[in-house]
Structures are given as C-alpha cells and as structure tokens.
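The values are calculated or read from the model by the stated rules, or taken from the named source; none is laboratory data. Every value quoted in this text rests on a predicted model; they were computed, and no experiment measured them. When we count neighbours, we look across all protein chains shown, and the Cβ atoms used for this are built from the backbone with ideal geometry, even at glycine.
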Amino acid sequence: MARAIQVGTKLRKADAPGYIIEVVSLVTPADGPPHARARVKVSGHDLGIRLYALSALEDPKLFVPVT
C-alpha cells in the first residue's frame, strides 16, 4: 500500500541519509500524473525547491519517512 504524501511530509532518500525533502505543495498537471514540490536539503544545505512525481515519493525503495 502506498503511503499518503501530503504537505509537510518529510522523507529521506533510501540510499542517502543526508538527503532530506519536505513537501511544500502538491500539483496535478492537466496532462500528467500528480507531483509534489519539495524543499531539498543535503547535509543541512538548502538546495531549493525540486519537483518529484508522487509515485517516486511513495516508493519505499527510493524514499523513507524521516523519524
């Protein structure tokens, strides 16, 4: 079962513990699948906002919840 991604969700890359993202908004283009805009921080350095497909964020092989 896919986990629910919503604004405020924090995840880290499964293969890079210092790579943390926080979802800041959800968008659904008229001609594509839903995406999330997320703030990216790597080892505490802010890299800005990136766009991710929700299907990627829901994949536990790619991203895991920050606890």
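Some observations on this one:
- Residue 61 surrounded by 10 or more Cβ atoms within 10 Å (Cβ to Cβ) and of a type in the set (D, E, K, R): no
- Restricting attention to segment 1-53, the residues that are assigned to a strand (DSSP E or B) and touching a residue at least 40 places away in the same chain (Cβ under 8 Å) total 6.
- Checking segment 19-27 against the condition returns no match, with no residue being among the small types (Gly, Ala, Ser), on the phi < 0 side of the Ramachandran plot and at pLDDT below 95.
- Residues that are in contact with a helix residue (DSSP H, G or I) (Cβ under 9 Å, 6 or more places away or on another chain), within 17 Å of residue 66 (Cα to Cα) and loosely packed, with under 15 Cβ neighbours inside 10 Å, drawn from segment 1-53: 2, 3
- Failed item in (1) in contact with a strand residue (DSSP E or B) (Cβ under 7 Å, 6 or more places away or on another chain); (2) under 17 Å from residue 6 (Cβ atoms), with residue 58 passing the rest: (1)
- Taken over segment 38-55, the criterion of being of a type outside the set (A, V, I, L, M, F, W, C) and either in contact with an Asp or Glu (Cβ under 9 Å, 6 or more places away or on another chain) or closer than 16 Å to residue 7 by Cβ (or both) is satisfied by 39, 41, 50, 52.
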